[in-house]
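As structure tokens, the structure follows; a few thoughts come after it.
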Amino acid sequence: MRNRRKVRGSFRLYLQWPLFLSAFLIVLTAIVGAVSLKAGIIVSIFTLVYVGIALWLYFSRKRGMLQGLISFASEYGKNSQVLMDEMLIPYGITDKTGHFLWANGQFQSILAEDKSGVRNITAIFPEVTRQMLATGGQIVSVHSSFGDKKYRVDLKEVNLDLFTREAIRDGEEKEGGDSASVTAVYLIDETQMLKYRQQVNDQKLVAGLIYLDNYDEALESVEEVRRSLLIALIDRKINKYIGSLEGIVKKLEKDKYFFVMKRQYMLKMQEEHFSILEDVKTVNIGNDMAVTLSIGIGMNGETYGQNYEYARASIDMALGRGGDQAVVKDGDKIQYYGGKAQQMEKTTRVKARVKAHALRELMENKDRLLIMGHRMADIDSFGAAVGIYRIAVSMNKKAHIVLNEVTSSVRPMMERFIESGEYPEDMFLKGPEAAGLADPGTMLVVVDVNRPSITDEPSLLSLVRTIVVLDHHRTSSEIIDNAVLSYVEPYASSACEMVAEVVQYIADGIRVRPPEADAMYAGIVIDTQNFTNQTGVRTFEAAAFLRRSGADITRVRKLFREDMKDYQAKAEAVRAAEVYMDAFAISECPAGGLDSPTIVGAQAANELLEIRGIKASIVLTAYNGIIYFSARSIDEVNVQVMMEKLGGGGHRTIAGAQMKDVTVEEAKARLKEVIQEMMAEGQVS
């Protein structure tokens with residue numbers, strides 16, 4: 001509107017300036033006549049002639065000039081219309097509902113391909129909605145496809161004021177038409193560009209590492225003359241698998257391989273769920289133990305070197321999760337495949353001794369230790385913390401155990417330390433109190449957990465520089481990444497077993513007191529379900545060491561006795577259990593009146609697993625606005641994978657998860673969806 005007024009005013013001024021000059025000449029004539037009558041008469045004649053010509057031009061030629069301008073504008077509009085119609089870029093105009101008001105030739109040719117005959121942009125490009133048509137003057141881009149081509153659809157809302165020719169001719173401000181809002185639509189054909197981009201992505205190199213999980217153990221299970229044949233068969237299967245994907249594989253060590261391949265074959269590998277994982281297990285020439293392998297893949301890094309670092313991180317994660325699986329790191333995204341086999345226990349203690357010596361070197365340079373487990377600590381977390389506390393005290397270091405919330409299972413054991421009078425009052429601290437002690441001379445030891453979000457006091461991870469992690473749970477994409485020493489062994493039965501081994505190697509003469517031995521022994525008993533779950537030779541060796549240190553089995557058993565309310569709640573959870581798909585026991589544990597409902601829920605899950613035909617049991621507990629999942633299995637279901645899909649994690653046979661802002665029924669529905677996904681993907685034996 002402002003531009004239109006400016007143009008109109010300039011045109012009017014152009015026509016009226018001779019009249020302004022006429023007034024100036026009349027004044028000039030009067031001045032000249034006052035000076036000289038003769039000169040004034042001569043000038044007045046000239047002025048009259050000029051004024052007459054100016055008035056004639058203004059009144060007689062104005063209409064003709066306007067008509068000429070309108071004709072020019074009309075012809076200009078026609079030429080613009082032709083240029084718009086012949087423009088090679090598809091361009092059209094729609095109303096507020098998406099119906100086309102006008103489209104140029106290129107757009108018309110595209111619309112002609114629509115057999116339905118519906119001239120509405122929302123029907124042609126479903127990704128475009130009516131709300132997108134009102135862009136407010138901003139450009140909105142939508143990617144869509146039509147036929148066999150892909151387009152970028154650019155939308156921009158335009159306000160048009162329609163005027164009649166009479167309004168323009170009269171030079172008035174009144175509108176001869178209505179104000180209208182339309183949407184301009186531009187189509188950019190992206191078919192070829194996307195095709196070339198996909199080709200470039202497909203040609204990118206993917207770096208991968210393959211490690212044999214149980215190379216030495218598998219060789220020992222076959223007679224010596226056949227060992228070279230076993231190795232050759234494994235090499236052949238790996239080379240054949242990578243070769244079928246047009247990749248190159250190089251053997252780095254006796255049990256390690258490096259390979260590169262094109263990214264275009266990754267989809268095939270993922271769709272097959274890395275069939276080499278199961279194929280290599282079929283190699284059997286008399287070996288009692290099936291060979292399993294782990295695969296780590298890195299892709300979409302900025303450089304080849306970064307892809308290799310991604311592959312290194314992936315293989316570490318695969319091994320940390322128990323092996324027999326593939327981990328793909330695609331930038332910040334991590335995907336897991338496999339993980340069905342139970343990891344075999346390592347009989348050698350070399351790693352435990354190396355980690356113990358490294359821990360001792362770190363402790364010698366620190367003045368204070370803070371020991372922390374996971375939120376709502378169980379007896380395994382508590383016992384492992386007590387074991388590290390004994391190590392620190394034996395090395396004359398000040399130590400504190402961080403414990404915010406004491407559960408009913410831990411309280412009887414903790415009261416033994418508080419009431420004995422042999423331990424300092426500040427042995428146990430709340431999280432904020434421990435945070436106040438953090439300084440450069442402090443070391444933090446995290447036990448029985450490797451996920452920062454579920455530690456008892458996550459703020460300590462950023463306050464303390466020297467962090468050590470000891471855990472037996474499988475790692476996930478969320479890990480404590482600033483630890484200077486990480487000792488994570490998924491094959492271990494419990495964190496207490498790991499700490500018991502460290503105690504034996506870290507220094508000579510460390511004497512574990514009976515209350516401490518009881519706490520660590522109790523942790524092993526609980527996590528192994530009385531030595532029936534994930535128990536190996538080293539588990540019994542650790543238990544024997546603790547028995548020699550004064551652990552009393554009878555005393556520990558008495559500490560495990562339950563309150564009547566807890567027992568009744570567990571019984572109710574078992575009674576109300578639902579058997580889903582003839583193999584999964586799902587139930588809810590009532591939390592009312594219980595001190596530690598999540599512990600009771602875990603115990604109920606253990607009980608449900610004893611029912612014949614049940615492959616996995618999952619008990620949900622609603623507590624403090626959070627739904628807690630406790631999942632258990634024997635060997636047919638990897639409940640760690642199940643819980644990871646719900647945001648949790650854990651072991652292959654023992655896992656858990658938490659969900660906020662949902663009801664129990666919603667959580668059950670999500671759990672059943674995950675079970676269906678696992679069944680469809682063949683992740684249940």
### Between 0 and 90°, nearest 10: helix 411-420 axis offset from the chain longest Cα axis
60
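Suppose every K and R has +1 on its Cβ and every D and E has -1 on its Cβ; what is the size of the dipole of the chain about the Cα centre, in Debye to the nearest 20?
Numbers: 82 positive and 89 negative charges, 587 e Å.
Its charge dipole is roughly 2820 debye.
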### Task
Pick out, from THR47, VAL222, ILE334, the residue whose Cα sits farthest towards the positive end of the charge dipole of the chain, with +1 on the Cβ of Lys and Arg and -1 on the Cβ of Asp and Glu.
THR47
## Note on the structure
Between the Cα axis of helix 191-203 and the main Cα principal axis of the chain, the angle (0 to 90°, nearest 10) is 30
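Loop only per DSSP, at most 14 neighbouring Cβ atoms within 10 Å: give me the trypsin sites (Lys or Arg not before Pro) in segment 282-339, ordered by residue number. Mind dumping the intermediate values first?
Details: sites: ARG312, ARG321, LYS329, LYS333; in loops: ARG321.
For trypsin sites (Lys or Arg not before Pro) across segment 282-339 that sit outside H, G, I, E and B with at most 14 neighbouring Cβ atoms in 10 Å, the list is empty.
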### Query
Hey, fewest Cβ within 10 Å first, where do ASP563, ASP527, ASP481, ASP154 land in order?
ASP481, ASP563, ASP154, ASP527
### Query
Hey, rough spin-label estimate for ARG226 and TYR265, points 7 angstrom out along Cα→Cβ, what's it come to in nanometres?
3.1
#### Entry: Estimated FRET transfer efficiency (ASP635, LYS565; beta-carbon r; R0 30 Å; 0.05)
0.35
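With runs of 4+ DSSP H residues as the only contributors, calculate the mean residue ellipticity of the chain at 222 nm using -39,500 (n - 2.57) per run, divided by the residue total and rounded to the nearest 500. Before the final figure, lay out the partial values.
Values: 25 runs with 313 residues, N = 685.
It lands at -14500 deg cm²/dmol.
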### Separation in nanometres of the label points that stand 7 Å from Cα toward Cβ, at MET679 and GLU86
6.7
### Query
What is the spin-label model distance, in nm, from ALA669 to ASP552 if the labels are put 7 Å beyond Cα along the C-beta direction?
5.3
### Task
Could you tell me how many degrees, from 0 to 90 and to the nearest 10, lie between the Cα long axis of helix 304-320 and the main elongation axis, the longest principal axis, of the Cα atoms of the chain?
40
### Query
Residue-wise, which Karplus ³J(HN,Hα) couplings in Hz belong to segment 510-525, taking 6.51 cos²θ - 1.76 cosθ + 1.60, θ = phi - 60°, and x for glycine or proline?
6, 10, 7, 6, x, x, 5, 5, 4, 4, 6, 5, 4, x, 5, 4
### Message
Is there a quick way to get the dipole size of segment 204-338? I mean about its Cα centre, with the Cβ of Lys and Arg at +1 and of Asp and Glu at -1; what is the value in debye to the nearest 20?
### Response
560
### Task
For a quick protection proxy, order the peptides 584-591, 20-27 by their average other-Cβ count within 10 Å, most packed first.
584-591, 20-27
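Neighbouring Cβ atoms within 10 Å as the yardstick, rank PHE629, PHE531, PHE545 fewest first. Present the calculation step by step, with values, prior to reporting the outcome.
Values: PHE629 28, PHE531 13, PHE545 19.
In increasing order of surrounding Cβ atoms, one gets PHE531, PHE545, PHE629.
Could you put THR135, THR535 in order, starting from the residue whose Cβ has the fewest other Cβ atoms within 10 Å?
Numbers: THR135 16, THR535 19.
Least to most surrounded, the residues fall as THR135, THR535.
Could you work out the relative contact order of the chain, using alpha carbon pairs under 8 angstrom and six or more residues apart, expressed as a whole percent? If you can, show how the numbers build up before the last one.
Numbers: 1216 pairs, mean separation 44.8, N = 685.
It comes to 7 percent, rounded to a whole number.
With a ≥ b ≥ c the root eigenvalues of the C-alpha gyration tensor of segment 350-559, is it rounded (a/c under 1.5), prolate (a/b larger than b/c) or oblate? Don't skip to the end; give the middle numbers.
Values: a/c = 1.33, a/b = 1.20, b/c = 1.10.
Note, shape of segment 350-559 comes out rounded.
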### Query
How big is segment 227-300 on each of its three principal axes, counting only the C-alpha atoms and giving the largest first in Å?
40, 25, 18
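Rounded, prolate or oblate: which fits segment 565-680, taking a ≥ b ≥ c as square roots of the Cα gyration tensor eigenvalues, rounded meaning a/c under 1.5, else prolate when a/b beats b/c?
Working: a/c = 1.63, a/b = 1.23, b/c = 1.33.
Taking the square roots of the gyration eigenvalues as a ≥ b ≥ c, segment 565-680 is oblate.
For the pairs LYS195/LYS329; LYS565/LYS668; LYS570/LYS645; LYS195/LYS251, flag any whose C-alpha to C-alpha distance is greater than 31 Å. Walk me through the numbers before you get to the answer.
Numbers: LYS195/LYS329 25 Å; LYS565/LYS668 25 Å; LYS570/LYS645 26 Å; LYS195/LYS251 35 Å.
The answer is LYS195/LYS251.
Let me know the shape class of the chain, please: from the alpha-carbon gyration tensor, a ≥ b ≥ c as square roots of the eigenvalues, rounded when a/c is under 1.5, otherwise prolate if a/b is greater than b/c, or oblate. Intermediate values should be presented prior to the final figure.
Working: a/c = 3.03, a/b = 2.38, b/c = 1.27.
Judged from the Cα gyration tensor, the chain comes out prolate (a/c at least 1.5, a/b above b/c).
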### Query
Considering the dipole of the chain built from charges on the beta carbon (Lys and Arg +1, Asp and Glu -1) around the Cα centre, which of TYR521, ALA631, ALA184 is farthest to its positive end?
ALA184
## Note on the structure
In whole Hz, the Karplus estimates of ³J(HN,Hα) for segment 451-456 (6.51, -1.76, 1.60; θ = phi - 60°; x where Gly or Pro) are 9, x, 5, 10, 5, 5
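Quick note: the coordinates plus some simple rules give every number you see, no bench work behind them. What you are looking at is a predicted structure, and each value in this text was computed from that prediction instead of being measured. Note that we place each Cβ from the backbone using ideal geometry, even for glycine, and neighbour counts take in every protein chain shown.
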